[in-house]
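Step one of this worksheet: look at the structure below.
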Amino acid sequence: MSEKYQVITYGMNGRYGVINSLIPSEDDERVIVTCDSEVRARLVVDELNKLQHQIDEKPLNLHEDFKNWDEIIERINKNSKRLIEIDEEYKEKSEKILAEARKIKEETDVDVIKDKFGGNNDKTRKAYVKEELSDLIEEKRNLTINKEEDNRRIPYLKRLIDMKIEMIKYE
């Protein structure tokens, strides 16, 4: 099989040209670059042909990019819904935890929050609830980080898709 890129010497005034052999020989645009030594020209040709083989093996495919984009959108939606659920669950469970602490205090005269934090004011109650619901807080933090990362990835994918569309237009 003939390679797309080749080295020529004819008419190059002692230099070596790297050409695109698919362009007709009368067209001056077929010379991509000139080199002062044949070794350099052959290195350029080898690299260009290697890249061309990679492109031929894996042509520009927008399907994978759009699939990836769709997966990210779905993940953002799923994470957003879960974040709302976590907020509601946190509120519900924190009220339940505080009610249980009040009930223990009424029944046994033991103030769980005061024993643990040295006081029973709004600040210590919030700290108590945070400690009890640390798993929800951790899940919320991880989901928020993942959502922010996905939100940064979407513009990158958009640019990548736009670039591939332009490359397909102009081959």
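The values are calculated or read from the model by the stated rules, or taken from the named source; none is laboratory data. Please read these numbers as outputs of a predicted model, since none were measured by experiment. So basically every Cβ, Gly included, is an ideal-geometry build from the backbone, and we count neighbours across all protein chains shown.
Which condition from (1) over 30 Å from residue 151 (Cβ atoms); (2) assigned to a helix (DSSP H, G or I) is the one that residue 68 breaks?
(1)
Limited to segment 115-151, what total is found for residues that are over 34 Å from the mean Cα position of the chain (by Cα), of a type in the set (A, V, I, L, M) and either exposed (fewer than 13 other Cβ atoms within 10 Å of the Cβ) or closer than 16 Å to residue 86 by Cα (or both)?
Start the filter on segment 115-151 by keeping residues that are over 34 Å from the mean Cα position of the chain (by Cα), which leaves 115-129.
In the following step, the residues that additionally are of a type in the set (A, V, I, L, M) were identified as 127, 129.
With the extra rule that they be either exposed (fewer than 13 other Cβ atoms within 10 Å of the Cβ) or closer than 16 Å to residue 86 by Cα (or both), the set shrinks to 129.
Of the residues in segment 115-151, 1 are over 34 Å from the mean Cα position of the chain (by Cα), of a type in the set (A, V, I, L, M) and either exposed (fewer than 13 other Cβ atoms within 10 Å of the Cβ) or closer than 16 Å to residue 86 by Cα (or both).
In segment 97-111, is there at least one residue being assigned by TED's automatic domain parsing to the domain that holds residue 125, exposed (fewer than 13 other Cβ atoms within 10 Å of the Cβ), at pLDDT 90 or above and out of contact with any helix residue (DSSP H, G or I) (no Cβ under 7 Å at 6 or more places or on another chain)? Working first, answer last.
Of segment 97-111, the ones assigned by TED's automatic domain parsing to the domain that holds residue 125 are 97-111.
Right, trim to exposed (fewer than 13 other Cβ atoms within 10 Å of the Cβ) and you get 99-100, 103, 106-110.
With the extra rule that they be at pLDDT 90 or above, the set shrinks to none.
No, because not a single residue in segment 97-111 is assigned by TED's automatic domain parsing to the domain that holds residue 125, exposed (fewer than 13 other Cβ atoms within 10 Å of the Cβ), at pLDDT 90 or above and out of contact with any helix residue (DSSP H, G or I) (no Cβ under 7 Å at 6 or more places or on another chain).
Do we find that residue 45 is touching a residue at least 40 places away in the same chain (Cβ under 8 Å) and not assigned by TED's automatic domain parsing to the domain that holds residue 166 in this structure? Give the steps one after another, and end with the answer.
Numbers: touching a residue at least 40 places away in the same chain (Cβ under 8 Å): yes; not assigned by TED's automatic domain parsing to the domain that holds residue 166: yes.
Criteria met by residue 45.
Of the residues that make up segment 31-41, is at least one of a type in the set (Ser, Thr, Tyr), farther than 22 Å from residue 164 by Cβ and surrounded by 12 or more Cβ atoms within 10 Å (Cβ to Cβ)? It would help to see each step written out before you state the result.
Of the residues in segment 31-41, the ones of a type in the set (Ser, Thr, Tyr) are 34, 37.
With the extra rule that they be farther than 22 Å from residue 164 by Cβ, the set shrinks to 34, 37.
Then drop every residue that is not surrounded by 12 or more Cβ atoms within 10 Å (Cβ to Cβ), which leaves 34.
Scanning segment 31-41 turns up at least one residue that is of a type in the set (Ser, Thr, Tyr), farther than 22 Å from residue 164 by Cβ and surrounded by 12 or more Cβ atoms within 10 Å (Cβ to Cβ).
Can you tell me how many residues within segment 81-114 are under 47 Å from the mean Cα position of the chain (by Cα), over 22 Å from residue 147 (Cβ atoms) and among the aliphatic types (A, V, I, L, M)?
So the answer is 6.
Pull up segment 62-93, narrow it to residues that are closer than 30 Å to residue 20 by Cα and in contact (Cβ under 8 Å) with a residue 12 or more places away in the chain, then point me to the one that is surrounded by the fewest Cβ atoms within 10 Å (Cβ to Cβ).
Residues of segment 62-93 that are closer than 30 Å to residue 20 by Cα, as a first pass: 62-65.
Next, from what is left, pick out any that are in contact (Cβ under 8 Å) with a residue 12 or more places away in the chain: 62, 65.
Details: 62: 13, 65: 16.
Among those residues, the one meeting the criterion is 62.
Out of all the residues in segment 17-30, which are surrounded by fewer than 15 Cβ atoms within 10 Å (Cβ to Cβ) and within 39 Å of the chain's Cα centre (by Cα)? Give the steps one after another, and end with the answer.
Going through segment 17-30, the residues surrounded by fewer than 15 Cβ atoms within 10 Å (Cβ to Cβ) turn out to be 21-29.
Listed by number, the residues that qualify are 21, 22, 23, 29.
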